[in-house]
């Protein structure tokens, strides 16, 4: 059995969709195997527990955190998939045992439980925790920083989601993006960054067998207010994970699978040649992601007030309604220049469209229907 076959049967089925809250994690935390030590790292601004999971007995210490942004839950799901791999008896027992002897993991699966409950990027005080690394103005930021100082990690994993606007230069979605954050304005390739790059390349090599051309590299402009940049500045190898879009998987169930493979490839022999030396310079061969995709792209649309046809880009807004995430399509751009690709594309070939049964429409407008008048065809 290979890791892909194992995953289809054993992934954590209890967690699904985009709306993952602390309430969803608690039953899983309560029944974790003895391999894992579950405790509380601290509390949020609204007094919710921030859980901490420790496992492994190795000298290499890894500090990981997910849902620093409350509405970015894909990596949380993938972490619990990874916990199942490490905590279960399987054909990978020898490799798991070796992993546990080599590493000790400290994982905060949900750093921002208030934001997760509200399904917002920011915390309860409307602060972006990933811009609070210097000010340390929020309880959640302080919890992470204290843990960082206590653990003294050898590597950090900063786990996020990225928007569906990110793609590669050749038109594929940037399904998984990585970054080893800069430690200074010059983007110096420090020893810590080299180490992080080698870990990233282990994952990238394996992911290419599943999602070729859909692995990207995030921009490494330095920002000391960002947590990853701060930890990198302090000399600790830090890896940013960005779980992005795949096909029409807006619930990111396939993307979580690729994050799981990334963790397995980085830290075990199950999905990679763990002992094989990797030249860190190959990291720069990973293409940088671009903001060049739309959820829906209408190409060559005739507009009554324009001499030329125009492209119209539309994006989904995610809204929390009655405990569920609703995807509301809206017009994000008209006369698009930088958006070149769409996850769903309609070429109107100069035809006119009715949006919400109207000829007139504008940027920012919610969209319920799109109708091709000439072809008498409802597109959406």
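The values are calculated or read from the model by the stated rules, or taken from the named source; none is laboratory data. On a predicted model such as this, the values are computed, not experimentally measured, just so you know. Methodologically, a virtual Cβ is constructed for each residue, glycine included, from the backbone with ideal geometry; neighbour enumeration extends over all protein chains shown.
Per-structure values
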quantity: Scope region 9-24; condition surrounded by 17 or more Cβ atoms within 10 Å (Cβ to Cβ) and under 22 Å from residue 100 (Cβ atoms); matching residues; calculated: 11, 12
quantity: Subset of region 42-57 [touching a residue at least 60 places away in the same chain (Cβ under 8 Å) and either exposed (fewer than 12 other Cβ atoms within 10 Å of the Cβ) or closer than 18 Å to residue 83 by Cα (or both)]; calculated: 50, 52
quantity: All positions within region 358-380 that are without any contact (Cβ under 8 Å) to a residue 40 or more places away in the chain and more than 20 Å from residue 327 (Cα to Cα); calculated: 358, 360, 372, 373, 374, 375, 376, 377
quantity: The listed residue being under 13 Å from residue 176 (Cβ atoms), assigned to a loop (DSSP other than H, G, I, E, B) and touching a strand residue (DSSP E or B) at 6+ places or on another chain (Cβ under 8 Å), out of 200, 239, 211, 259; calculated: 211
quantity: One residue from 105, 55, 99 being out of contact with any helix residue (DSSP H, G or I) (no Cβ under 8 Å at 6 or more places or on another chain) and closer than 23 Å to residue 152 by Cβ; calculated: 105
quantity: Residue match in region 26-43 (condition: more than 23 Å from the chain's Cα centre (by Cα), farther than 22 Å from residue 258 by Cβ and in a helix (DSSP H, G or I)); calculated: yes
quantity: Residue within region 241-249 that is in contact (Cβ under 8 Å) with a residue 60 or more places away in the chain and either surrounded by fewer than 22 Cβ atoms within 10 Å (Cβ to Cβ) or outside the structural domain of residue 197 (by TED's automatic domain parsing) (or both) present; calculated: yes
quantity: Given (1) surrounded by 15 or more Cβ atoms within 10 Å (Cβ to Cβ); (2) in contact with a strand residue (DSSP E or B) (Cβ under 9 Å, 6 or more places away or on another chain), index of the condition residue 6 fails; calculated: (2)
quantity: Hits in region 311-341 - residues which are without any contact (Cβ under 8 Å) to a residue 24 or more places away in the chain and outside any strand (DSSP E or B); calculated: 322, 337
quantity: Residue 277 vs. criteria modelled with pLDDT under 95, in contact with a helix residue (DSSP H, G or I) (Cβ under 9 Å, 6 or more places away or on another chain) and either surrounded by fewer than 17 Cβ atoms within 10 Å (Cβ to Cβ) or more than 18 Å from residue 96 (Cβ to Cβ) (or both); calculated: yes
quantity: Those residues of region 142-160 which are within 24 Å of residue 218 (Cβ to Cβ) and without any contact (Cβ under 8 Å) to a residue 60 or more places away in the chain, in sequence order; calculated: 145
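Yes/no matrix, rows are residues, columns are (1) over 30 Å from residue 19 (Cβ atoms); (2) in contact with a strand residue (DSSP E or B) (Cβ under 7 Å, 6 or more places away or on another chain); (3) not assigned by TED's automatic domain parsing to the domain that holds residue 250:
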residue	(1), (2), (3)
319	no, yes, yes
324	no, no, yes
327	no, yes, yes
346	no, yes, yes
352	yes, yes, yes
364	no, yes, yes
